[in-house]
Each structure stands twice: as C-alpha cells, then as structure tokens.
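Notes follow once the structure below has been shown.
The values are calculated or read from the model by the stated rules, or taken from the named source; none is laboratory data. This structure is a prediction, so every number in the text was calculated from the model and none was measured. Please note: Cβ atoms are built from the backbone with ideal geometry, for glycine as well, and neighbour counts cover all protein chains shown.
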Amino acid sequence: MTDIQAETDTGAETDTGTGAETETGASTGADAGASTGAAARRAAMRTLAVALACGVIGASVVLLAAGKTWARGTAAFGQGTLPVHATGSQATALPGALALVGLAALVAVFAVRRFGRYAVSGLLALSGLGVIVIVLARRSATGALNERAAAASGLTHATAGHTSTTGWPLVAVAGGVLLLVAGLLAVRYGAAWPAMSSRYDRPGARPSVRGRAAARPAPVDPDRAEDLWKALDRGEDPTQAAG
C-alpha cells in the first residue's frame, strides 16, 4: 500500500509539473505573439506618418512652385529691351493639377480597402512621377516666355532673348519626389494602415446582426493563459469577460 501511495503521489506531482510547464509555454508564446503584433502596428504607424508628411508637403511644394517665376528673358522693344518672365503655371498647368490629384489620392487611401487601396496608392505614385517628368521637360518655359515677349512688344512672332531659368522648377521636382515616395510607401505598406471607420459606409454595407455575432470573440476561459493574453491584446478586461 505504501508503494502504491508513493507512486500515486509521484504521478500527481508529474502531472502538476507538466501542467505548469504547459501554462508557462502558452504564456510565453502569447507574450511573443503580442510583442510581434505591437511591433508590426508601430511600424505601420511610422510608415503612415512618413507617407502623410511626404504627400502633404510634396503637394504643397509643387503648388507653391507652380506660382513662382521659372524663367526670365528680354523682349526687343524699339531700340531697347523689356524684361519678361514666365511662371510655372504659365509654362504648364499639369504639375499643379497632378499635385491636387496626388493630394486627393492620399486622402482616398483611407477610404478604400484591398485592391482599391493599391489602385489609389499607384495613382499617388504616378502623380509624383508625372510632376517630375513634366517639370524637367518644361522647366525652360520657352513657349511661355515667347508669348510674354510677343505681348510686351506687340509683335506676334517676337521671341524672348537672354533667357535663364530659376531654381523653382527644381523645387517643384523635389515636391514630385515627395509625392512619389508617399505613393511607394502606400503601395508597400498601405495594407497594414487603418481604414476609415465603418460608420462612414453606406447603410447597406454594414454587416448583419448574425455577421456581427459571428465576428465576436470567443468567451474567455480564465483557466487558459492564452485566452487571457488574447483578451488583454484586444483591450478587454479578462476578469469581466470571464464573469
């Protein structure tokens, strides 16, 4: 009898130790999963902040540069010359328009999901790329300067002489680069960014009562460490959930 009782006690101790080790392993796994999820969320928020800053600043810079003088020259008038200049919007209106498109696309990234988000992110990147290409192609503003020279001299076919460009086209290019960076970040990391709240969706798009009930988390088992950690990760009080 003594030997049987000793073996029983030993088996109970073994079961207790095994259960404790299982709970410890589950707790460790839950901690690792929670840490990984928190790190992923922090990384997503960092890329979101960088993309927002690049998009807003880039669009603002392009719009600002479009209204500044891009090129200067002179127009012959009688025995002398008259100074003429051309702004970015006079040279081409496309950079400013693309900046507005990029800004709208940046806002729309948060209103769409899945494939729509990829499409809008691509539009944002293409807006920045378009600004860069167009500004570099039209930075001399030759056509706009000739028009200003013709208007100043009163001669239809007058051309501007002694032309030079300013640094504002390069500023516009920098704005286009920022828009491009914002678009590339949205393409790469946009899937992990938060979306607009469902209360802004149309009424027919809201899930049914049965769908919401199915999406509810399973009840918390207070005897399972994994359920407790999952409840904490969702921001719930596991003691209340268990009750």
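Being over 14 Å from ALA141 (Cβ atoms) and under 23 Å from the mean Cα position of the chain (by Cα) is the requirement here; does ALA76 meet it?
No: the conditions fail for ALA76.
Assess whether GLY102 counts as being in contact with a Phe, Trp or Tyr (Cβ under 6 Å, 6 or more places away or on another chain) and buried (at least 24 other Cβ atoms within 10 Å of the Cβ).
Judged against the criteria, GLY102 is not a match.
Those residues that are out of contact with any Leu (no Cβ under 9 Å at 6 or more places or on another chain) and buried (at least 20 other Cβ atoms within 10 Å of the Cβ), I need them from region 147-174; list them, please.
ARG148
Given the structure, is ARG188 modelled with pLDDT of 80 or more, in a helix (DSSP H, G or I) and of a type outside the set (Asp, Glu)?
yes
Given the conditions (1) over 23 Å from CYS54 (Cβ atoms); (2) surrounded by 19 or more Cβ atoms within 10 Å (Cβ to Cβ), report the number of the one that ILE132 does not fulfil.
(1)
Show the residue pairs meeting these rules: Cβ distance below 9 Å; 6+ apart or different chains; first residue within region 86-111 and at pLDDT below 95; second residue in a loop (DSSP other than H, G, I, E, B) and of a type in the set (Lys, Arg).
THR87/LYS68; GLY88/LYS68; GLY88/ARG139; ALA91/ARG139
Determine whether ALA137 is without any contact (Cβ under 8 Å) to a residue 60 or more places away in the chain, assigned to a helix (DSSP H, G or I) and of a type outside the set (Asp, Glu).
So ALA137 passes the test.
Restricting attention to region 117-125, does a residue exist that is touching a residue at least 40 places away in the same chain (Cβ under 8 Å), farther than 16 Å from VAL171 by Cα, β-branched (Val, Ile, Thr) and assigned to a helix (DSSP H, G or I)?
Scanning region 117-125, I find at least one residue that is touching a residue at least 40 places away in the same chain (Cβ under 8 Å), farther than 16 Å from VAL171 by Cα, β-branched (Val, Ile, Thr) and assigned to a helix (DSSP H, G or I), so the answer is yes.
Only one residue in ALA51, ALA111, ALA150 is closer than 30 Å to TYR189 by Cβ, out of contact with any strand residue (DSSP E or B) (no Cβ under 7 Å at 6 or more places or on another chain) and part of a helix (DSSP H, G or I), so which one is that?
ALA51
The conditions are (1) modelled with pLDDT of 80 or more; (2) surrounded by fewer than 19 Cβ atoms within 10 Å (Cβ to Cβ), and ARG199 fails exactly one of them. Which is it?
It fails just one condition, (1).
Of everything in region 68-108, what is of a type in the set (S, T, N, Q) and assigned to a strand (DSSP E or B)? Give them in sequence order.
Within region 68-108, THR69, THR74, THR81, THR87 meet the criteria.
Could you grab me the full set of residues in region 153-174 that are touching a helix residue (DSSP H, G or I) at 6+ places or on another chain (Cβ under 7 Å) and in a helix (DSSP H, G or I)?
Hits for region 153-174 are TRP168, PRO169, VAL171, ALA172, VAL173, ALA174.
Residue check: is ALA26 surrounded by 15 or more Cβ atoms within 10 Å (Cβ to Cβ), at pLDDT below 90 and outside the structural domain of GLY130 (by TED's automatic domain parsing)?
The answer is yes for ALA26.
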